[in-house]
Amino acid sequence: MELRRYRADLHIHSCLSPCGELTNYPRRIVERAVEEDLDVIAVTDHNTAENAAAVLRAAEGTGVAVLPGMEVASEEEVHVLGLFESLGDLLPVQDAVFRSLPEVPPKKTFVKDQVIVNADDEVTGFSARHLLAATRLDLRAVVSLIHRFGGLAVASHIDKDAFSVISQLGFVPPDLDLDALEVSPHMTVAAARKAFGLNPSAALVRFSDAHRPEDIGRTTTDFLLAAPTLPEIRKALRSKGGRKVCAS
Amino acid sequence: MTLADLVRQLDLKVFTGRNELARPVNGGYASDLLSDVLAHGQKDQIWVTLQVHPNIVAVAAFKELSAVVLVNGREPAAETVAKAQQERVSIYGTSLTTFEFVGRAYGLGILGT
């Protein structure tokens, strides 16, 4: 099977994330992915995947592969990307996350609208959940929940001063079964390895963490794969079968 | 002041470290960001936090903190207890909030600097 480089941005927030811009709706996200020559993207809203189906639909026929995902906040306020092969795998994870969010809805004055849309960018509803809150799931439980449904668990922006495994827990717990660590656009992979004394075998990736259309594709990771799919990306993160994360 | 004095005077629950009670206490630090404690915690301080992840043991051992006090009635994860026993790190619990616990500890002469 022929392997080639696939350009990936697997950390993108839609207009559903309370911090995401309203203009980051499905068709715009896909349009930007095409403009940036991205082969594969993931929509990863905070503690929800309610716009994932719309992005998948919006990308049909464009050649851009979309992985449904979400960015889960653990009890320790560590953000973890869960990336899945299908909506069917992701939805039970979303259910578990919803059950673990605080009951109190967010105050209107503190967050932007959490907009649920369809593939035609029409507003179908607003999430009343406290999407920026921490769940009651500890970090290990978040990782095992993602794995139970076949997902990849990636620690978000480990170099950030907040909501990263290192800011919250001081260092990456050595026995935590993460599939990769994400470095933010503000740091290089080499600098992160050095700064945080990371295990040399840990897979490091960089994505945009885009909250607005113009940031999509600003930071990407190339993978050497046979196809832009989740099982192939899993192999790349483990350097299996010739698949790999290309040096950035 | 020793850990035994602290446990008695503030009615703390002892999760681990029953053999470490003679250890001295010299000040305290309160933070829920372990990266911040790694940067600013000092030897022999008590550390007040609501984090219960096993990493608190490594941070306390590395910084030679005298004890970790978990607030709000929080209990250490089972793995945290096992690691603490292994590393001889003392973990205590209180039903008080951070603010209230720190206030009372300060009143006993446990200062931040």
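The values are calculated or read from the model by the stated rules, or taken from the named source; none is laboratory data. Small disclaimer: the values here were computed from a predicted structure and weren't measured. FYI the Cβ positions are ideal-geometry reconstructions off the backbone, even for glycines, and counts take in every protein chain you see. With ligands, DNA and RNA removed, areas are computed over all heavy atoms of the protein, side chains included. Shrake-Rupley method; radii C 1.70, N 1.55, O 1.52, S 1.80 Å.
Values as computed for the structure displayed
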item: Environment charge of A:LEU204, counting only residues whose C-beta is closer than 9 Å and scoring Lys/Arg +1, Asp/Glu -1; result: +1
item: Set of aspartates and glutamates near A:LYS194 by C-alpha distance (under 14 Å), chain-local residues within fewer than 8 positions excluded; result: A:ASP159
item: Average projection area in nm² (convex hull over Cα atoms of the stretch A:96-248, one quarter of hull surface); result: 11.1
item: Backbone HN-Hα couplings from phi across the stretch B:18-31 [Karplus 6.51/-1.76/1.60, Hz, Gly and Pro as x]; result: 5, 8, 10, 5, 7, 5, x, 10, 9, x, x, 9, 10, 6
item: Radius, Kirkwood style, for the stretch A:29-101 when every pair of distinct Cα atoms is counted (Å); result: 12.7
item: Set A:LYS160/A:LYS235; A:LYS112/A:LYS235; A:LYS160/B:LYS63; A:LYS235/B:LYS83 screened for pairs whose C-alpha atoms are more than 30 Å apart; result: A:LYS112/A:LYS235; A:LYS235/B:LYS83
item: Full-extension gain in nm, A:ASP113 to A:ALA247, via 0.36 nm per residue minus C-alpha separation; result: 44.4 nm
item: Net +/- balance of residues flanking B:GLY17 in space, Cβ distance below 13 Å, scoring K and R +1, D and E -1; result: +3
item: Pairwise label distance in nanometres, B:TYR106 with B:LYS13, each label 7 Å out on the Cα-Cβ vector; result: 2.6
item: Per residue convex hull volume, Cα atoms of the protein assembly as shown, in Å³; result: 137
item: Relative contact order computed over the stretch A:32-142 (Cα-Cα under 8 Å; 6+ residues apart), in percent; result: 29
item: When the convex hull of its Cα atoms is projected in every direction, mean area for chain B (nm²); result: 5.6
item: Per residue accessible area of the stretch A:1-159, 1.4 Å probe, in Å²; result: 41
item: Placed amide H near A:ALA65: partners under 5 Å, 5+ positions off or other chain; result: A:VAL40, A:ILE41
item: Distance histogram in 5 Å bins (all Cα pairs of the stretch B:25-67, percent per bin); result: 6, 28, 41, 22, 3
